[in-house]
1. Using only Cα atoms, what is the ratio of the radius of gyration of the chain to 2.2 N^0.38 Å?
2. Tell me the net charge near Gly10. Cut-off is 15 Å between Cβ atoms, Gly10 excluded, with +1 for each Lys or Arg and -1 for each Asp or Glu.
3. Could you grab the Rg to Rh ratio for segment 39-131? Cα atoms only, Kirkwood for Rh.
4. If packing is taken as the mean number of other Cβ atoms within 10 Å per residue, what is the order of 166-177, 10-21, 224-235, 51-62, highest first?
5. Report the net charge of residues surrounding Pro125, where surrounding means a beta-carbon distance below 9 angstrom and charges are Lys +1, Arg +1, Asp -1, Glu -1.
6. Restricting to DSSP H runs of at least four residues, report the calculated mean residue ellipticity at 222 nm for the chain, -39500 (n - 2.57) per run over all residues, nearest 500 deg cm²/dmol.
7. Which peptide among 100-107, 123-130 comes first, and what is the full order, when sorted by highest mean count of other Cβ atoms within 10 Å?
Amino acid sequence: MLPSILTTFGLFCGFYAVIASIKGDFEIAAMAIFFAMLWDALDGRVARMTNTQSAFGAEYDSMADLISFGVAPAVLVYQWTLSGMGKLGWMAAFVYVACAALRLARFNTQVGTADKRYFQGLPSPAAAAVLAGMIGLYEWLPGQGYELGLSGASENAIGWLIAVACGILMVSNVRYHSFKEVNFKRRTSFRLVLLSALIILVVAYEPPVVLFAFFFLYMLSGPVLTVFGLQQKRRQKKRNKPL
């Protein structure tokens, strides 16, 4: 039951993010999505550590992910800025939700056959983190004395573009590193512990800035690595081409 309880915690965070978005508490909604990511990371790891994986747990986790990383971010970005764009706004939010559902369905069909080192398409938690991080950062900056000076039309355009881009990347064939090859059961080196402490300090110093920057760069890493890989293949073909 423990993994399912953790999944329920994540589902509650996603549901609360929807409620907070409707109320206009956008910064709290963004934080709730990040907490949902934390519970989502824990439930799978706990299930593997305790050897309690089950088909029910996998399906329940997917349902919870659709709420926390599909519906909640879409409602958040819609309430934040897309609602002022009419049909274009809710269509962009729906595209994001539909792509998140397709991404999760494809992931479930590839379990056990796909290369564990990579994700095919942007993972839905990372896509949700980009939207939540963007909105959380925008809501946090004025309280720190920073003004972006963006007009309402600029906010609408940025929110629309990032929501649609995240949706398309989720269902694309672009590969993203999964970091699952990292073995946490090995003896931990002093450098790794020191690096972990430094990461925690950096995140704690300016959480909105660091979290958005990290997940936005991760979103860009897939297309960049894909273009770089295609260029390498072309060079390899030219080298192997007979004279």
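Taken together, the values in this text are just the output of simple stated rules run on the coordinates, not laboratory data. This structure is a prediction, so every number in the text was calculated from the model and none was measured. Positions of Cβ are backbone-derived with ideal geometry, glycine not excepted, and every protein chain shown enters the neighbour counts.
1. Working: Rg = 19.3 Å, N = 243, 2.2 N^0.38 = 17.7 Å.
The value comes to 1.09.
2. Details: positive: Arg45; negative: Asp40, Asp43, Glu59, Asp61, Asp65.
For residues surrounding Gly10, the net value is -4.
3. Numbers: Rg = 15.0 Å, Rh = 14.4 Å.
Reported Rg/Rh (Cα atoms, Kirkwood Rh): 1.04.
4. Numbers: 166-177: 19.6, 10-21: 22.2, 224-235: 11.1, 51-62: 13.0.
Top of the packing list down: 10-21, 166-177, 51-62, 224-235.
5. Working: positive: none; negative: Asp40, Asp65.
Once all neighbours under 9 Å are counted, the net charge is -2.
6. Details: 9 runs with 176 residues, N = 243.
Taking each H run of at least 4 residues, the total per residue is -25000 deg cm²/dmol.
7. Values: 100-107: 19.1, 123-130: 26.0.
Put in order of decreasing packing, that is 123-130, 100-107.
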